[in-house]
Each structure stands twice: as C-alpha cells, then as structure tokens.
Amino acid sequence: MTSLAPEAATQIELTVGSGKSHIKRVGRKDRRVDEYIAKAAPFARPILRHLRRIVHAGCPEVEETIKWNFPHFEHHGMLCAMAAFNNHCAFGFWKAELILEGDETARREAMGQFGRITGAADLPDEKTLIRYVRKAAKLNETGVKKPGRSMGKRKPLTVPDYFAAALNNNAKAKKTFANFSPTNRRDYVEWVTEAKREGTRRQRLKTAMQWMAEGKPRNWKYMRRR
C-alpha cells in the first residue's frame, strides 16, 4: 500500500566562509495533493498544477497539506488554498484583505478571491501571483494577524423588494431565511445584491432560493463535513 505521507522537507547547506552551518528549509510537497490533482476534472488539472507551481515559486519554504478536503499551503501559518469543483477552480489567500486591498482582481464570485477559474486567463499574470504569494509569506513571517471583524455597529440589513418577493413565492426558503442567524441572512442578501450584472443577480437569486429551500447557508459547500 502506497504511503500518502508528506515528502521530506529539509535541506542543509554549509557556509564555509563563516565556519558556521546554515540550515535552509525547502518546500514540503504532500502526495495527497498529487492525488487530489489526479482526481480532479481534466480541465482543472493544469490550473491546479499552475497554482501549485506559483505558490512554491513565491515561497520556496511553503509546506502543503490537506484541510477540509482540499489543498492548503502553509508557511508560519496558513498561507493560501486551492480547490477544484465540477466546472471551476478556486484560489484564495488566508489574509486576502492585507494582500489584495484595493486590487480589482479580488472577486466574490466563488470561494477565494479570483472568481470562478476555468483557465489561466481567469487569473492574474504569473508575476503578479508570485508577488501576492511573497507578500502573504512576509505577513506570516512577521507575525501580522488576519484582520478581525470591526466591532463597530453594522448597518441594519435591508432586504430588497425583489428578494422578499422571491421568498414569498418559496415557503421553504422563506422559513429557512427566517430561522437563519443575522450573519447567514446577510451572507445571502449581500451575495445577491453585490452582483454587478443583472443576469448574475437573477442567477444568484435563483440559486439562493434553491439552497435555502434545502436548508443550506450560502457557504455550505465549504463547511466541514461531519
């Protein structure tokens, strides 16, 4: 039986000039990530391999692991993660707010910050991605914490008329929405209302009603399975 244990990760170099030994850590690759990529849909494999290569190029000391059933990359803590779904891939940074602040590439179309990735054209260029990875690594190395949610008073949630009308036409979704926590209600409303295109908004509204009719919060796909 083949072991799925992570590969070896340490390289030792001697600095002759100073007479001192210098230990340099190099990246750790996890065979489970190889398995994950191999099992992904054909369109997703080159995307995942590309992202994996980018992360290792930007942070040679990065270590791979599997968390919540998809690949994560760690370096002094969580760095970033990637995932493959039936029709798209996703990629995101743990401290995205500090890495992509003010950057137009950050989108909320899917898990992560780069939308639904179906090919290399959906991602920033390689130089930009490597810069993001290096910035993420530096933040972790210097101990910068992920920003917490502001404790200030949030604006009351406003449910648009079209959203309320859709709920009134779907008794199961309406009941789920009524029983949701304020956070779960806000997740759905903001997801729908923040769509920039009318077609996207209609599709999100339709999906939201379907998921709520099934009793699901918006991010149900990424919740830990019990």
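Values computed for the structure shown
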item: Residue among 155, 206 that alone is exposed (fewer than 13 other Cβ atoms within 10 Å of the Cβ) and either under 27 Å from residue 98 (Cβ atoms) or among the small types (Gly, Ala, Ser) (or both); result: 155
item: Members of the range 64-77 found to be free of Cβ contacts under 8 Å to residues at least 60 places away in the same chain and more than 17 Å from residue 35 (Cβ to Cβ), listed by number; result: 74
item: Count of residues meeting criterion [within 10 Å of residue 212 (Cβ to Cβ) and surrounded by fewer than 19 Cβ atoms within 10 Å (Cβ to Cβ)] in the range 180-194; result: 2
item: Any hit, the range 96-108, residues being at pLDDT 80 or above, in contact with a Leu (Cβ under 6 Å, 6 or more places away or on another chain) and closer than 22 Å to residue 221 by Cα; result: no
item: Search result, residues across the range 109-120 that are outside any loop (DSSP other than H, G, I, E, B) and at pLDDT 80 or above; result: 114, 117, 120
item: Residue within the range 142-161 that is farther than 30 Å from residue 50 by Cβ, part of a helix (DSSP H, G or I) and modelled with pLDDT of 85 or more present; result: yes
item: Sole exception among (1) more than 16 Å from residue 146 (Cα to Cα); (2) modelled with pLDDT of 95 or more; (3) not hydrophobic (A, V, I, L, M, F, W, C) for residue 74, by number; result: (1)
item: Any hit, the range 36-46, residues being touching a Cys at 6+ places or on another chain (Cβ under 7 Å) and part of a helix (DSSP H, G or I); result: yes
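The values are calculated or read from the model by the stated rules, or taken from the named source; none is laboratory data. Quick caveat: nothing in here was measured; it's all calculated off a predicted structure. When we count neighbours, we look across all protein chains shown, and the Cβ atoms used for this are built from the backbone with ideal geometry, even at glycine.
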